[in-house]
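The values are calculated or read from the model by the stated rules, or taken from the named source; none is laboratory data. Computed from a predicted structure; not experimentally measured. Note that each Cβ is placed from the backbone with ideal geometry, even for glycine, and that neighbours are counted across all protein chains shown. Side chains are part of the model used for accessible areas, which takes the heavy atoms of the whole protein and leaves out ligands, DNA and RNA. Shrake-Rupley method; radii C 1.70, N 1.55, O 1.52, S 1.80 Å.
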Amino acid sequence: MFFSLNKKFIYTISAFFILISVIFLYAFYLINLSKIQEEQKNTISRNQQYVEMLYENISLRKELAQIVRQNSNIQPSSKLQELIKANQLNAQQEQISQERKRTEDMLQSYNDRYQALEESVNIALISTLLFFLAMLVLWLLVKIWVLAPIDKLSAVSRLVADGDYTSRLQHSPKEYFKDEFDNLINTFNQMLESIENSIKEIHRTEFFLQSIIDAIPDGIRVLQEDGTIIIANKEYHRQINNTSNCIGQKCYASSQLQDYQCPLSQFTCPLEALKNKPDGTLKFIQQFAAYPDRPLSVNAATMALKNDKQHTTTYIVESIRDLSEDIRFSHQQKLSSLGFLSTSVAHEMKNHLGSIRMIIEGLLKKYHRQPANDEEKTYLELIDKQLTECINVPERLLKLAQFSPEEQLPYIINDSIQDIVSILDYEAKNNGTTINYHAPKTKLTSLGNAADFKMVILNLMQNALKAMPQGGEIKITLKKDKANNQAEIRIQDNGSGIEADKLPHIFEPFYSQGISTKASGTGLGLAIAKSIIEKQKGTISVTSTVGIGTCFSIKIPLNNEK
C-alpha cells in the first residue's frame, strides 16, 4: 500500500507530540505532585495529632487544678503544682497558637509550591506547543523543499514508465535559489533527453531493419526456442493471410491456426527437427492453414546469440518461399520452349507439306475432267485432304504457344479442347489409344486465358497417355452444370491408376508419379494445372483406382456475357 511522505511526516509529528506530552505529564505527576501531596498529608496529620495532644494536655491540667481547688485536703506534690500553675497553662496555650500558626504557614508554603508547579506545567505545555509549531513549520519546509520535488519526479517517472519520453521536469528559473534538487532535476531532464534520443535511434534502426526484411520477396520469421515469433515480414503475413501483427504468437497458432504444437506425424516441426541437426539447417515443404493447397518451401536454420552474462540464446530463422511463383515461372518456361518448338515445327512442316500439297494440286488439275469415281483422282483428293489436316497441326501448336496475357479474356471451351485432341490424335493412334470427345452443341465460354487452359488439357491428356503404354481409351466429356453455372470437364483413362497413399500428393510441386523413368516428368505439370485452374476461379479434383484407371474433373465458371 502506498503511504506518502506527507502523511508520514504529519502522523510522526502528531504521535511524537502526544507521546512526549503524556510521558512528561506522567513523569511530572509521579516525581512532584504525588510526593508533595504525600508530604502535605503526613505533615498535616502529624500537626493535627500534636495539636490534639496539646489540647488534651491542657484540658487534663485544668481538670486536675479544679479537683485540687475543690478538695483542700489534697496536698499536691511540687511537680503537680508546677503542672497546674496558670502560667504553665498559658504557655501551653501559646505553644498551641504558635503550632497552629506554623501549620497555617506550612499550608501556605504548600499552596505556593502548588502554584509554582502549575506555572511549571503551563510553561511545559507552552514549550510543547511551541515544539509542535516548530515541527509543523519544519514539515512545511520539508514539504516545499523536499516532498514537492519528489512528487514531481514521481509524476514524470510514471509518465516515462508508460512510454512518454517527452515529459520534462519544470525547475526554478531563479539561478540564485538553486539547490541540490534543482541539480537533480537538470540531471534527470538530461537523462530523459538522452533516453528519448536513444529510443528514437532504436526505432529508426528497427524501422530500417524491418523495411529490409519486408523488402525480401520470401516470407521471413524468427522464432524463439519455444516457438514464439519475434520477427516477421510482410510476405509472411501475406502467406498466413493475416494483416495484423503476429509478433508474440506461437508459430503453430500463426501458421496452422491451432493452440497446440504441430504433430510430428503430419508436419515437419523445425523446433524439434533442428535439435538433432548438427549443421543447424533444415529444408522442407509445408502448407499453411490459410492456403492449404499452396506449397511453401521452408529453409530453417538456428542462430545462437550470447548476452552480457555469456548466456547463449538460440533462435530459429525461417525463410519461406511460395512455390506458386516457381510453378508459374516453370509454366512460362514450358510455354516458351513449346513456342520455340512449335515455331520450328510449324515452319519446317508447313514448308514441306505446302510443297507436297502444291504437287498434289498440280496432279489433281490433270484429273479435273475425270469422273468423280475415278480411283486415282479419289486417292489424290484424300491425300490433299490429309495434307490440309497436317498443315493445321502446326497452326494449332502456334496458337498454343502464343504469349499468355495476364488479362482475363473470353474463350470457347469446346474449341480449346478440340484443338488439343487434334494435336495429340496422331500420338494417341501410334500408341494404340483411342480418344473419344463428347461435347454439347452449344458453345460454352469461360473467362480466362485460352493458352493456359489448353496447357491444362494437354498436360492431363499426356499423363493419360503415359499411364497407358500398351494403349487404351481416353474419354473426354464436356457438359454444363446449370445449377452452379459451371462447365465440367472430365478426362478419364483406363490406365494403371494411382495408389491411394500417393493420390493426395500428386498436385504438390516436384512430385512425379511416372510408371517408368522414361514416363516420369519433373513433377510440376499437375501443380501448374492446379494453379491455372484456381487462377480462373475453378477447381480440379482426381479419383483413381489401381489397375482400373484415373479420372480428372475440372470445374470452371462460365462467362454469360456475349
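Annotation: of all residues in the range 181-207 being under 14 Å from Val160 (Cα atoms), over 22 Å from the mean Cα position of the chain (by Cα) and among the aliphatic types (A, V, I, L, M), the one that is surrounded by the most Cβ atoms within 10 Å (Cβ to Cβ) is Leu192. None of Leu424, Leu363, Leu341, Leu380 is at pLDDT below 80, in a helix (DSSP H, G or I), crowded, with 16+ Cβ neighbours inside 10 Å and not β-branched (Val, Ile, Thr) except Leu380. One residue stands out among those in the range 486-510 that are part of a strand (DSSP E or B) and open to solvent by 50 Å² or more (accessible area, probe 1.4 Å): the one that is nearest to Ile540 (Cα to Cα), which is Arg490. Remark: pairs (first residue in the range 532-555, over 19 Å from Met455 (Cβ atoms) and part of a loop (DSSP other than H, G, I, E, B); second residue of a type in the set (S, T, N, Q) and open to solvent by 10 Å² or more (accessible area, probe 1.4 Å); Cβ separation under 8 Å; 6+ apart in sequence or on different chains) = Val546/Ser496; Gly547/Ser496; Ile548/Asn494. Kindly evaluate Leu282 against the criterion of being among the aliphatic types (A, V, I, L, M), open to solvent by 80 Å² or more (accessible area, probe 1.4 Å) and within 27 Å of His505 (Cα to Cα). Criteria not met by Leu282.
For Ala301, are the conditions met, namely being in contact with a Ser or Thr (Cβ under 7 Å, 6 or more places away or on another chain), open to solvent by less than 90 Å² (accessible area, probe 1.4 Å) and either at pLDDT below 75 or within 30 Å of Gln224 (Cα to Cα) (or both)? Taking the combined requirement at face value, the residue satisfies it. Put simply, of Lys535, Lys555, Lys562, Lys518 the only residue that is under 23 Å from Asn414 (Cβ atoms) and either in contact with a Lys or Arg (Cβ under 8 Å, 6 or more places away or on another chain) or modelled with pLDDT under 65 (or both) is Lys562.
For (1) at pLDDT below 80; (2) β-branched (Val, Ile, Thr); (3) touching a helix residue (DSSP H, G or I) at 6+ places or on another chain (Cβ under 7 Å); (4) open to solvent by 80 Å² or more (accessible area, probe 1.4 Å), each residue gets a yes or a no:
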position: Lys250; (1), (2), (3), (4): no, no, no, no
position: Gln256; (1), (2), (3), (4): no, no, no, no
position: Pro263; (1), (2), (3), (4): yes, no, no, no
position: Cys269; (1), (2), (3), (4): no, no, no, no
position: Pro278; (1), (2), (3), (4): yes, no, no, yes
position: Gln286; (1), (2), (3), (4): no, no, no, no
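For the range 215-243, residues that are of a type outside the set (A, V, I, L, M, F, W, C), out of contact with any Leu (no Cβ under 7 Å at 6 or more places or on another chain) and open to solvent by less than 60 Å² (accessible area, probe 1.4 Å) total 9.
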